[in-house]
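Below: the structure, in structure tokens.
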Amino acid sequence: MSDDQIPADSKLTASKRRWAAEGKFLTGRISRPETERLPPGQHLVRNWPVLDLGQQPQVSLSSWRLDVLGFVETRLSLNWAAFQAIEQSTRVSDIHCVTTWSRYDNRWEGVSTRDLLDLAMPTVEAQHVLLTSYDGYITNLPLADFAAEDAILATAWEGQPLTREHGGPMRLVVPHLYFWKSAKWLNRIELIGADRAGFWEKNGYHMYGDPWREQRYSDD
Ligand SMILES: Nc1nc2c(c(=O)[nH]1)N[C@H]1C(S)=C(S)[C@@H](COP(=O)(O)O)O[C@H]1N2
Ligand SMILES: [Mo]
């Protein structure tokens, strides 16, 4: 159900109200027709490939932290217990990797990016997000895309804790962009004004990365 269908008396946070009022994030991608489900140039896989820079950090739950900073009203530095205390959500979504594989119907559990943003409260200056992970990986995306309805900070996949190789204890999943935007082992979320390139974006990948427009490389 979209925000504008939620009855007026239900629990709605200030930022959700504001997003609904601004018509933000209502891109219609949730209702994409089945014939357009597989983006151009992609093929389906049933396994789940592992892709990263080769360093798979071992982050214990006791040392794990998630920092949210930059253009926010309330800076957050959450430990595992504090993160688990945030409302937990489930999302089912498809993965589209720039290396041309796609995987349908992945069931994620964790904290929706909107619920996290409701705690930090982005200020009006916040336009983009820079993500930094425990392996040193950095990637960037617009705040509106980070805050998409189906984006989630995932701690479980198909009912099991997210494995280390796939980014456990926690990774981002932003299903409507190529999967390199979905940072594994996420540690830091910085809300910024002007867009800044991350690792792959500095190495020839597209700043935005829309699979349906095949925005694989920066000259696409
Ligand atoms: N921290 C971190 N996140 C990362 C990467 C990485 O190297 N480090 N690689 C990205 C790339 S290029 C892809 S395709 C996906 C792969 O996720 P998977 O290994 O779970 O399939 O993670 C993305 N997130
Ligand atoms: Mo990738």
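The values are calculated or read from the model by the stated rules, or taken from the named source; none is laboratory data. Computed from a predicted model, the values in this text were never measured in an experiment. Neighbour counts run over all protein chains shown; Cβ positions are idealised from the backbone, glycine included. Quick note on the areas: whole protein, heavy atoms, side chains included, nothing else; ligands and nucleic acids left out. Shrake-Rupley method; radii C 1.70, N 1.55, O 1.52, S 1.80 Å.
General observations
- Residue in the stretch 158-181 that is among the polar types (S, T, N, Q), out of contact with any Pro (no Cβ under 6 Å at 6 or more places or on another chain) and under 25 Å from PRO39 (Cβ atoms) present: no
- Residue, least open to solvent (accessible area, probe 1.4 Å), within the stretch 156-207, restricted to residues that are under 17 Å from GLN58 (Cα atoms) and within 12 Å of ligand 2 (Cβ to nearest atom): ALA183
- Residues that are touching a Lys or Arg at 6+ places or on another chain (Cβ under 8 Å) and more than 23 Å from VAL50 (Cα to Cα) occur at least once in the stretch 128-136.
- Total residues in the stretch 208-220, condition in contact (Cβ under 8 Å) with a residue 60 or more places away in the chain, surrounded by fewer than 21 Cβ atoms within 10 Å (Cβ to Cβ) and not aromatic (Phe, Trp, Tyr): 2
- Of all residues in the stretch 208-220, those satisfying the criterion of being within 14 Å of ligand 2 (Cβ to nearest atom) and part of a loop (DSSP other than H, G, I, E, B) are GLY209, GLN215, ARG216.
- Listed by first and then second residue, the pairs linking a residue in the stretch 70-87 that is at negative phi to a residue that is among the aromatic types (Phe, Trp, Tyr), with Cβ atoms under 6 Å apart and 6 or more places separating them unless they lie on different chains, are TRP80/TRP64.
- For the stretch 124-172, the set of residues classified as part of a loop (DSSP other than H, G, I, E, B), among the β-branched types (Val, Ile, Thr) and either within 24 Å of ALA85 (Cα to Cα) or in contact with a Ser or Thr (Cβ under 6 Å, 6 or more places away or on another chain) (or both) consists of THR163 only.
- Failed item, numbered, when VAL124 is tested on (1) within 16 Å of ligand 1 (Cβ to nearest atom); (2) out of contact with any Leu (no Cβ under 6 Å at 6 or more places or on another chain): (1)
- Single residue of the stretch 94-112 satisfying the filter (in contact (Cβ under 8 Å) with a residue 60 or more places away in the chain and more than 16 Å from ligand 2 (Cβ to nearest atom)) that is surrounded by the most Cβ atoms within 10 Å (Cβ to Cβ): GLY110
- Among all residues of the stretch 81-89, there is none that is of a type outside the set (Ser, Thr, Tyr), assigned to a strand (DSSP E or B), under 26 Å from TRP180 (Cβ atoms) and modelled with pLDDT of 95 or more.
- Set LEU141, LEU153, LEU131, LEU119: member being of a type outside the set (Phe, Trp, Tyr), on the phi < 0 side of the Ramachandran plot, in contact with a Leu (Cβ under 7 Å, 6 or more places away or on another chain) and surrounded by fewer than 20 Cβ atoms within 10 Å (Cβ to Cβ): LEU119
- Of all residue pairs spaced 6 or more apart or on separate chains, those with beta-carbon atoms under 7 Å, a first member in the stretch 154-175 that is under 12 Å from ASP52 (Cβ atoms) and a second member that is of a type in the set (S, T, N, Q) and more than 10 Å from ligand 1 (Cβ to nearest atom) are ARG164/GLN58.
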